[in-house]
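Everything below concerns the one structure shown next.
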Amino acid sequence: MSVGGAVAGGMASSNAAKKAANITAQQRAANRAWYEYNMNLPYTQRADALESIKKAREIFMERNRNAAATAAVSGASDEAVARQKEDANKVIGDTMGTIAAQGAARKDQVEEGYLNREATLAEQQRQTEIAKANAIAGAASQVSKAGANLAGAGAGFPSSSEAKSETPAVEEKPSIEAKEPNGENVDENGKKII
């Protein structure tokens, strides 16, 4: 693998790790927002709780009407009417107590869910960091191998000092000697050789 390939692979891995880290950060922010919303939401404002309260009030109103009608017809004492109203109020109190208990249980579930998601996201982030570290180590290893391969490929070539000693000397052209008719030796340019 070439140095360029190792660097490109390392950069791609780093970009993927950054994207994974950003996704984890977004998931954490969404988890936190979900937690804050659900922990701060009054349980009595949930649709199921509102329906329970509405039914309890309807029962309360029905019992009060019945108590008033019975008292008018039978001439029941004020104490009997008060007892009926007390029983109706008890129904509403019991309903609110049940809703409060459900609200506390719901908050426990929200907290447990939040903590479980946070643990999962922390593990994802840890795995991303491990992958990032492995990618960096792998890229560094590939660059090191590529560098070693380049150095090894250069081992087959002579060094500059070896190249000088093994380079053949420039051949000098032998001079062509000729003899003049007078018997003197001259070179190819006609110069007299001594």
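From the list Lys85, Lys90, Lys107, Lys55, which one is at pLDDT below 85, assigned to a helix (DSSP H, G or I), of a type outside the set (Val, Ile, Thr) and on the phi < 0 side of the Ramachandran plot? Before you say what the answer is, go through the steps one by one.
Working: Lys90 fails: at pLDDT below 85; Lys107 fails: at pLDDT below 85; Lys55 fails: at pLDDT below 85.
Within the list Lys85, Lys90, Lys107, Lys55, the selection yields Lys85.
So which residues in the range 18-69 are within 30 Å of Ala88 (Cα to Cα), touching a Phe, Trp or Tyr at 6+ places or on another chain (Cβ under 6 Å) and touching a residue at least 60 places away in the same chain (Cβ under 8 Å), if there are any at all? Residues satisfying the conditions do not exist here.
Within the range 86-103, the residues that satisfy the criterion of being farther than 16 Å from Lys55 by Cα and free of Cβ contacts under 8 Å to residues at least 24 places away in the same chain are Glu86, Ala101.
Look at the range 114-138: where a residue is over 24 Å from Tyr35 (Cβ atoms) and a partner is among the polar types (S, T, N, Q) and part of a helix (DSSP H, G or I), sitting 6+ places away or on another chain with Cβ atoms under 7 Å, you get Lys132/Ser14; Ala135/Ser13; Ala135/Ser14.
Mind listing just one residue for me: the one in the range 1-29 that is part of a helix (DSSP H, G or I) and more than 19 Å from the chain's Cα centre (by Cα) and, of those, modelled with the lowest pLDDT? First the steps, then the outcome.
The initial filter retains those residues of the range 1-29 that are part of a helix (DSSP H, G or I), namely 3-29.
Of the ones still in play, those that are also more than 19 Å from the chain's Cα centre (by Cα) are 3-8.
Working: Val3: 61, Gly4: 69, Gly5: 68, Ala6: 64, Val7: 68, Ala8: 72.
Going through the qualifying residues, I end up with Val3.
Test Ala76 against the criterion of being in contact with a helix residue (DSSP H, G or I) (Cβ under 8 Å, 6 or more places away or on another chain) and not in a helix (DSSP H, G or I), and give yes or no.
Details: in contact with a helix residue (DSSP H, G or I) (Cβ under 8 Å, 6 or more places away or on another chain): yes; not in a helix (DSSP H, G or I): yes.
The answer is yes for Ala76.
Note on the range 103-135: residues that are surrounded by 12 or more Cβ atoms within 10 Å (Cβ to Cβ), over 10 Å from the mean Cα position of the chain (by Cα) and of a type in the set (S, T, N, Q) total 2. Considering Thr44, Thr24, the condition of being β-branched (Val, Ile, Thr) and in contact with a Leu (Cβ under 6 Å, 6 or more places away or on another chain) is satisfied by Thr24 alone.
A single entry from Ala139, Ala151 fulfils the requirement of being in contact with a helix residue (DSSP H, G or I) (Cβ under 8 Å, 6 or more places away or on another chain), at pLDDT below 80 and under 29 Å from Ala12 (Cβ atoms): Ala139.
The values are calculated or read from the model by the stated rules, or taken from the named source; none is laboratory data. Small disclaimer: the values here were computed from a predicted structure and weren't measured. Please note: Cβ atoms are built from the backbone with ideal geometry, for glycine as well, and neighbour counts cover all protein chains shown.
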